[in-house]
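Here is the structure we will look at.
The values are calculated or read from the model by the stated rules, or taken from the named source; none is laboratory data. What you see is a predicted model; the values in this text were computed from it and never measured. Positions of Cβ are backbone-derived with ideal geometry, glycine not excepted, and every protein chain shown enters the neighbour counts. Just so you know, the surface numbers come from the protein's heavy atoms only, side chains and all, with ligands and any DNA or RNA stripped out. Shrake-Rupley method; radii C 1.70, N 1.55, O 1.52, S 1.80 Å.
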Amino acid sequence: MATGWPVTLRHGDVGLRPLNRRDAVTWARLRAENLEWLTPWEATLPPGAGRPPLSYVAMIGALRRRAREGTAMPFVITWRGAMVGQVSVNGITGGSAQTASIGYWVSRSHAGRDIAPTAVALVTDHLLTTVGLHRVEIAIRPENTASLRVVEKLGFVEIGMAPRYLHIAGDWRDHRLFQLTAEDVPEGLLARWTARHG
C-alpha cells in the first residue's frame, strides 16, 4: 500500500474515505443525475488507447490496484455522511519529483457549499504531510468556471497553460495548470483556508 493509504479524513461536515465496491449504486445514481454537469470536463480515451472499464466493479478493481502500487488514491467525498462526489489523486511520483495530481467533482445539488475546496484542502494536506510529497498539481479546462473557483479560493498558483493536455469529449483539450508546494503552505492548506473563510 502507498504511504498514507487507506485513510479517512474529515473537517466538519466534509469527509473523505476510500471509494469501494459498496458505493456502486450511489456512485451510479450520482453520475446519472449529474451527467450534464460533469460530461464536459470528463477525460475520455482517444482512438487506439484501449477501452474504458466496462463496469463499476472493473473500475474499482483498477483503482484499488493503482492504490496498492502507490500511484493513486480514489476518495469519496461525503457531506454529513452521504456520498456527494469524488477526489482522485493520480500520478503519485516519488524520487526527485515527489508530486501528484488531483481531480475532483461534486454533485450539482451540493455545489456552492465549499465542499470541494474543503475536500481538496484535506487531500492536499494529507499528500504534503503524511505522504511526504513536495508538490500537488491540478489541471482545469479554461471553461470550467466551477473548478477554477475551487483553486482560486484555495490559493493554488497558476503555473501555465498546457495545450492539448487531456482527451475530453472527442478531442485534445487545453488546460490551465495550478500547483501548491509544501513551502507555499507551511501552516497547512486547510488551516489557511479555514482562517480565511471560517
Fill in the blank from the handout: Contact list, first residue from region 95-109 and over 14 Å from Arg149 (Cα atoms) and open to solvent by 30 Å² or more (accessible area, probe 1.4 Å), second anywhere and in a strand (DSSP E or B) and of a type outside the set (S, T, N, Q), beta-carbon distance below 6 Å, six or more apart or interchain, is Ser101/Gly91; Ser101/Glu137
Completion exercise
Residue pairs qualifying under the 7 Å Cβ cut-off, at least six apart or on distinct chains, with the first in region 25-52 being without any contact (Cβ under 8 Å) to a residue 40 or more places away in the chain and the second being surrounded by 10 or more Cβ atoms within 10 Å (Cβ to Cβ), are Ala28/Tyr56; Pro52/Leu45
Practice task
Please state which one of Arg17, Arg29 is exposed (fewer than 14 other Cβ atoms within 10 Å of the Cβ) and charged (D, E, K, R).
Solution key: Arg29
Practice task
Go through region 85-109 and give me each residue that's more than 8 Å from the chain's Cα centre (by Cα), hydroxyl-bearing (Ser, Thr, Tyr) and under 13 Å from Thr71 (Cα atoms).
Solution key: Thr93, Thr99
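Yes/no matrix, rows are residues, columns are (1) over 30 Å from Glu33 (Cα atoms); (2) in contact with a strand residue (DSSP E or B) (Cβ under 8 Å, 6 or more places away or on another chain):
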| residue | (1), (2) |
| --- | --- |
| Gly91 | no, yes |
| Arg108 | no, no |
| Val131 | yes, yes |
| Ile140 | no, yes |
| Glu143 | no, no |
| Glu152 | no, no |
| Asp171 | no, no |
Fill in the blank from the handout: A careful count of residues in region 113-131 that are assigned to a loop (DSSP other than H, G, I, E, B) and touching a residue at least 40 places away in the same chain (Cβ under 8 Å) gives 4
Practice task
Mind listing just one residue for me: the one in region 110-131 that is over 22 Å from Trp41 (Cα atoms) and of a type in the set (Val, Ile, Thr) and, of those, most open to solvent (accessible area, probe 1.4 Å)?
Solution key: Thr129
Problem - Filtered residue count, region 162-198, keeping only those that are open to solvent by 80 Å² or more (accessible area, probe 1.4 Å), at pLDDT 95 or above and in a helix (DSSP H, G or I) - result: 1
Problem - Matching residues, region 132-161, being in a loop (DSSP other than H, G, I, E, B) and either closer than 19 Å to Trp41 by Cβ or open to solvent by less than 30 Å² (accessible area, probe 1.4 Å) (or both) - result: Leu133, Arg141, Pro142, Glu143, Asn144, Gly155, Phe156
Practice task
Kindly list the number of the only condition in (1) surrounded by fewer than 17 Cβ atoms within 10 Å (Cβ to Cβ); (2) of a type outside the set (Gly, Ala, Ser); (3) in contact with a Ser or Thr (Cβ under 7 Å, 6 or more places away or on another chain) that fails for Glu42.
Solution key: (3)
